[in-house]
1. Among the listed residues L302, L369, L345, identify the single one that is in contact (Cβ under 8 Å) with a residue 12 or more places away in the chain and in contact with a Lys or Arg (Cβ under 8 Å, 6 or more places away or on another chain).
2. Condition (residue is within 23 Å of R557 (Cα to Cα) and in a helix (DSSP H, G or I)) applied to region 417-433: is it met by at least one residue?
3. If M649 satisfies all but one of (1) out of contact with any Pro (no Cβ under 7 Å at 6 or more places or on another chain); (2) over 16 Å from R587 (Cα atoms); (3) of a type in the set (A, V, I, L, M), what's the number of the condition it fails?
4. Taking the residues in region 608-625 that are in contact (Cβ under 8 Å) with a residue 12 or more places away in the chain and polar (S, T, N, Q) as candidates, determine which candidate is nearest to S84 (Cα to Cα).
5. Does A360 satisfy being surrounded by fewer than 18 Cβ atoms within 10 Å (Cβ to Cβ), of a type in the set (A, V, I, L, M, F, W, C), touching a residue at least 12 places away in the same chain (Cβ under 8 Å) and under 16 Å from L491 (Cβ atoms)?
6. Quick one: S427 ticks every box in (1) among the small types (G, A, S); (2) modelled with pLDDT of 80 or more; (3) within 24 Å of A402 (Cα to Cα) except a single one, so which number is it?
7. Restrict the check to region 139-148 and report whether at least one residue is assigned to a loop (DSSP other than H, G, I, E, B) and in the same structural domain as P164 (by TED's automatic domain parsing).
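The values are calculated or read from the model by the stated rules, or taken from the named source; none is laboratory data. Just so we're clear, the structure is a prediction, and the values are computed from it rather than from any experiment. Cβ sites come from the backbone with ideal geometry, for glycine too, and all protein chains shown count toward neighbours.
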Amino acid sequence: MLETLKHPFQSLPEFGTAILYAILVAAAYTFAVSIAAGIGRPRLLQAARLGAYGTVALVGLAVLVLAYGFISHDFRIAYVAKYSERAMSVPYLFAALWGGQDGSLLWWLFLTSFFSGICVKWLGRRYLELQPYVIATLMTIIMFFGLLMIFAVNPFQTQVGGAPIDGEGLNIQLRNFYMIIHPPSLYTGFTSCAIPFAFAVAALVTGRLDSEWVIATRKWMLFSWMFLSIGNALGMLWAYEQLGWGGYWAWDPVENAACLPWFTATAYVHSTMIQERREMLKVWNIFLIAMTFFLTIFGTFLTRSGLIKSIHSFAQSGIGIYFVWYMGVIVVVTLALIFYRLPMLRSRGRVESVLSRELAFVVNNWGLLSICMFIALATTWPRISDWLLHQESSLGPTFYNAWLPPVALTVFALMGIAPLLGWRKTSPDLFKRSFIAPVAALVTVGILHATLGKRLLGFPPFFEADAIYPGTLGRGLAWFDGKLPVVTTSLCAFNIAVVVQEFYRGIRARQGAAKAKSLHENLLASFFLLVAKSRRRYGGYIVHLGIVCMFLGFTGRAWGFDKELTMDVGDTMSIGRYTVRYVGPRREPDPEKMAVYADLDVYRGVCPTLDAPTCSLVGRASPGKLFYKAGGGNSKIAVERSLRDDLYMTLGMTVNPQTKAASLQFHVNPLVTFIWMGAFGLLILGALISLFPDFQESEAPVFGYVRLAGSVAASVMFSVLFAAASSGGYELRADASPTDPPAAAPP
């Protein structure tokens, strides 16, 4: 007994579990003190702040303990034994922290507490009436995840049969560079949504429902939106490189769940401008923030409850009921507070004209929400049909690709129309001056694409499509069948023209003002000062350019094609504008796996002979299969990338050991590079510009540090991402010779 009292924690697992209990106690204490500070004892606010810092420290300690368990190979911890092994490198040992359900929830808790701590520090002496309830709301979120881990998914739970000699190792599909950075990025977007939600709850509780809380949450939501964008784009890139099916988005249920909060966050980022300027949409903005936070929990519930089937989802477990109750609490509390404060949420302004920016934003919001609800219902349809019809049915990519493009293109068009309209009402003269150049660009590009697109670029404006839209609504949408490419490229031109026109007008106005003061300001100086003094507006326009690039990349799929064939050594095959020669197979064993590759020489151009002047060697591609000694395997894809298209190559089952024949799959994916340029370049750049304050703004330094950290993290991520992609990530070697002899065939 005395020995037990001297050493209460006999092992690392017990110490970790004790920390989880301490987190729950600290969060409960902070919640109670925060409520007391809000209902008449303001001196307790400092105690609440200190309690929040203590809770954050305890969560950080729990993560460090689990990380130490992975680094020290403490296989007494069941989670460590299941998701790591001694041969794993250190980066993957850290990635294993969020590689499974238990650890990923602890990581979720860590990020939530981390942003809670930053929020408390940022608040300082501001928003004193809101602070107690902001802290209390954040503590309820931490308490929920603390309870979840203590009673359902304890990451420090020990092995029943004792510690094994070695662990099972991380899932083969997760041993990828992008999986090291994709989950933290997406979780950062998810968890930081708790801050705007906490402010919305605090505003409803206190009745301070003017623009104060909206201004406080504006940049927090933009930060969340940026990382939701990065996380989803990294998931697309991971699927493109790792899964070997030739695409980047398959409408998988987990993909869908991850993108749902992005739509409501996008809607809020736009509608908040109406509340700030016109005192409208107060209930709508509260709803959007609550919906965004709710969807982060809903998406987590879908992927972890076993409700849906997906290659991405976690194993089925019993934690779903916890999330169901928690989502019910979120809905009931939020709706009760909204109805309680409904008289104070009445709009002071109204939409005064059809041709107004307010109406364009409202319609845009409804379009985004419609897409979100459509994806949510279609994703959960297998369960809904099972419950209501007692027959499980699923909806595949064809269903999504048929119904979503018309709505998405409507939102895309409104993205360009809204900046051209004035607030309240657009005069006929302003309407005419604003729309002439963008509409001219739309018509010109549409005509050029329709007449010359196929002949000059190889991108036909139309393609044959089956009429798959049923019913009255379907007959209206059937016009889009086969016409999406020319419609999308025309709208891309329209949106680009809008952004260029807005920058041109701003630069011209600056230079005119400088000239009136007898000053000279060159074009470059005018551009940078224009952006610097209105970062939110012009950063948003740069984000719009990123969206344009992504839409152009998505349209490229209409011109893509696939080919699957078996090639013998020395065979040559033309694939689109490429010619491929099969050099031969080779194998590369190492202590962890056996790799089998099929070496291909890739030429650009259709080559009657390989030495033809129209034929140029690009390099050697080596798609392959990786067979791990621990069990399982995965594809190693090879991609020849260009601005025009990607030649995506995968090896089939394996190489025939007798004949050395290889079963190969080829996918020509036009304009895919535009997706990555838009997502990892322009979109992030525009969001970072918008996060920094205008020259006239003054904010607490700590949030400046957060913006700086986000800028550095996003910039480093962007640089590393493309460094990895352009070096060895895609197995294309430009120094290979077409006359190299084939390697030895695998046994």
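1. On the way: L302 fails: in contact with a Lys or Arg (Cβ under 8 Å, 6 or more places away or on another chain); L369 fails: in contact with a Lys or Arg (Cβ under 8 Å, 6 or more places away or on another chain).
Sole residue among the options that is in contact (Cβ under 8 Å) with a residue 12 or more places away in the chain and in contact with a Lys or Arg (Cβ under 8 Å, 6 or more places away or on another chain): L345.
2. Initially, region 417-433 is screened for residues within 23 Å of R557 (Cα to Cα), giving none.
Within region 417-433, not a single residue is within 23 Å of R557 (Cα to Cα) and in a helix (DSSP H, G or I).
3. Condition (1) is where M649 drops out.
4. Pass one, region 608-625, residues in contact (Cβ under 8 Å) with a residue 12 or more places away in the chain: 610, 615-625.
Among the residues that remain, those that are also polar (S, T, N, Q) are: 616, 622.
Values: S616: 45, S622: 29 Å.
Out of the qualifying residues, it is S622.
5. Values: surrounded by fewer than 18 Cβ atoms within 10 Å (Cβ to Cβ): no; of a type in the set (A, V, I, L, M, F, W, C): yes; touching a residue at least 12 places away in the same chain (Cβ under 8 Å): yes; under 16 Å from L491 (Cβ atoms): yes.
No; evaluated as a whole, the condition is false for this residue.
6. Of the numbered conditions (1) among the small types (G, A, S); (2) modelled with pLDDT of 80 or more; (3) within 24 Å of A402 (Cα to Cα), the odd one out for S427 is (3).
7. We begin by selecting, within region 139-148, every residue assigned to a loop (DSSP other than H, G, I, E, B); these are none.
Within region 139-148, not a single residue is assigned to a loop (DSSP other than H, G, I, E, B) and in the same structural domain as P164 (by TED's automatic domain parsing).
Rundown of residues vs (1) under 23 Å from the mean Cα position of the chain (by Cα); (2) closer than 27 Å to D210 by Cβ; (3) of a type in the set (S, T, N, Q); (4) in the same structural domain as L288 (by TED's automatic domain parsing), yes/no style:
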| position | (1), (2), (3), (4) |
| --- | --- |
| F323 | yes, no, no, yes |
| I330 | no, yes, no, yes |
| T334 | no, yes, yes, yes |
| L342 | no, yes, no, yes |
| A360 | no, yes, no, yes |
| S394 | no, no, yes, yes |
| P405 | yes, no, no, yes |
